[in-house]
1. Check cross-link reach from LYS313 to the lysines: straight Cα distance under 16 Å, and skip same-chain residues fewer than eight apart.
2. Give me Rg/Rg_expected for the range 400-558, where Rg uses Cα atoms only and Rg_expected = 2.2 N^0.38 Å with N residues.
3. Where does each of 557-567, 530-540 land if you order them by average Cβ count within 10 Å, highest first?
4. Show me, for the range 5-10, the HN-Hα J-couplings you get by feeding each phi into the Karplus relation (A = 6.51, B = -1.76, C = 1.60, θ = phi - 60°), rounded to Hz, glycine and proline as x.
5. By per-residue mean of other Cβ atoms within 10 Å, what is the highest-first order of 220-233, 377-390, 499-512, 263-276?
6. Once you have a ≥ b ≥ c as the square roots of the Cα gyration tensor eigenvalues for the range 302-459, tell me rounded if a/c is under 1.5, and otherwise prolate or oblate according to whether a/b is larger than b/c.
7. Determine the shape class of the range 202-275: with a ≥ b ≥ c the square roots of the Cα gyration tensor eigenvalues, call it rounded for a/c under 1.5, and otherwise prolate if a/b is greater than b/c, oblate otherwise.
8. Find the eigenvalues of the gyration tensor of the Cα atoms of the chain, then list the square roots of 5 times those eigenvalues as equivalent ellipsoid semi-axes, largest first, in whole angstrom.
Amino acid sequence: MSLRKRKYSDDFLKWGFTNIVIAGMERPQCVVCLEVLAHESMKPAKLQRHLQTKHPDLKDKNMDFFKAKVVGVKSRRLDSSGLFQNKNLAAIEASYTVALRIAHAKKPQTIAENLIFPCTKDIVRLMIGPEAVNKLSPLSVSNNTIKRRITDMSEDILCQIVQELKETPTGLFSIQLDETTDVTNFSQLLVFVRYYKNEKIKEDFLFCKPLQTSTTAVDIFNLIDDFFKEHSIEWEKLCGVCTDGAPAMLGCKSGFQSLVKKVSPEVIGTHCMIHRQVLATKTLPEPFKEVLNRVIKAVNVVKSRPLATRLFKILCEDMGSSYEALLFHTEIRWLSKGKALKRFFDLRGELQIFLASQNPSEYESLFTNEFTLCKLAYLVDIFEIFNSINTGLQGKESTIISLSEKISSFKMKLELWITKINQKKLYMFPTLAQFVEEAANEINIDDLYGLIQEHLENLTVQIRSYFPDECCKSFSLTINPFNARVSEVPEAAEEEFIDLKNNFEAKSWFGELQLQEFWAKSFQKFPVISEIAIRNLLPFPTTYLCEAAFSQLLILKNKYRNQLNVEDDLRCAISTTEPRIELLAKKLQYQPSH
């Protein structure tokens, strides 16, 4: 026989009773003695009898008296509806939020206790009042607390990413990886992952772990293999691996990519396209190389000495120059050579005056010989083009297809420029064209055309060597399946391809959605042909995310924090996945600051 469920009424407060939920059942609780009665006692007569027998001296008290008692009861109560619990939860969430902001800013964890919390108290005291400062006392922001919060959030982010990897509709994912040396000379391996989520490609940080001894391909493979086993990630689902060009990564027999192909034969291994572009554009004919070396030497005369740097700045200010300093060329920085040349050319007049007092004979021809200046102007233009291409290859969410299109465009432009040079035209190199037009003396222009043509032809050979045309031929099906032919499709997917090509709904998707979204949506109806396309879209074309993360890692782990285990802080700082702070806070037990 089922009992009738009784509900609490606000009128019960006049007899000194509030309500409390225990085991899903609402029960009356006395606000004076805190006794909890049975659910069946939630009747006016029984509540009134409790007041008269247990607290006869309070039977004539008005409602306001008991309302004041309710506040005290709920403050002491530890169930989820109590004020104590709400304040506790808010304090924990606040400490998580502060920790996340510290991680995003890449600051030391002690900054919360030493700076943020004292500043917060000062602001509250001055703007709200001294009594409001006491409300901040439950907030715990000690060094150890912030560290624990960052660790909790890092684990939660990783848990979400691993879960999304396992639940991705296509079942496929790709990775990019690279290693760098931190401030303590430890080699740190960074891995990023790319997969489909909600019909869109998602890129995120997977892990950063130190390589304890050597950095061979086997060491790298074992480290990633251990991570995959720990989180039950299958190698067979891996469809792409992007690395730099180091032998440990690309070796045909014992390189990392070769080891991966042994456990996942269908994986697509790619050499970072940014690294390839930099390598392809390194070769210079000797006359141009000589000018470049002299420019670097002249810049070093100024930049290597603090006094010379200050004097040159004063000279530039006095002459009203657009810039006040030269730029160093650093070989490992992709864009530095072009920027250094451009700045040198713009400040060549000021630099000529400055160096005249240093060693006039050594650098005189660099500023007075117009043929040398023509070579310098060409270097300014061609390296500005290289920088533009390099910048175009950088960025997130790029695909092998989109970057291959940019490289193919550059190949065709090189062929066009060689044709224009044969026609004695220079318009594609604006700095050089303007200098030749304004030159005071006659320039041996034929020799200049010959040098430029030689460089462009060598450059074309190098680009084609690093970016062969064959790698782009398999993309036609992925780019536009409705223009592809059945002969271009693997035999196992031919019939499904015909169904896709004649499906009006799929055609409407193709016109409305981006390429990645189209194939993700088509996967449900046409899984075989869609998987072929997705295997071309998912692999990373560059290690850009790793290169960008290296900078963040060096900010986090510096000489002042050289013992930091950087993975948790780095994940919270750069991950695109937000930690579930509210869920984490509910799991914790309240521990107020002392």
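1. LYS303
2. Details: Rg = 23.2 Å, N = 159, 2.2 N^0.38 = 15.1 Å.
Here the answer is 1.54, to two decimals.
3. Numbers: 557-567: 14.4, 530-540: 22.5.
Descending packing order for the listed peptides: 530-540, 557-567.
4. Per-residue couplings from phi come out as 7, 9, 10, 6, 10, 4 Hz.
5. Working: 220-233: 15.7, 377-390: 20.6, 499-512: 13.5, 263-276: 18.6.
Ranking, from highest mean packing down: 377-390, 263-276, 220-233, 499-512.
6. Details: a/c = 2.67, a/b = 1.35, b/c = 1.97.
Oblate.
7. Numbers: a/c = 1.28, a/b = 1.11, b/c = 1.16.
Because its axes are fairly even, with a/c under 1.5, the range 202-275 counts as rounded.
8. Working: eigenvalues 842, 264, 91 Å².
Ellipsoid semi-axes (Å, largest first): 65, 36, 21.
The values are calculated or read from the model by the stated rules, or taken from the named source; none is laboratory data. What you see is a predicted model, and the numbers here were worked out from it, not measured in a lab. Neighbour counts are summed over all protein chains in view; Cβ atoms, including those assigned to glycine, are modelled from backbone coordinates with ideal geometry. These area figures cover heavy atoms from the full protein model, side chains too; ligands, DNA and RNA do not enter into them. Shrake-Rupley method; radii C 1.70, N 1.55, O 1.52, S 1.80 Å.
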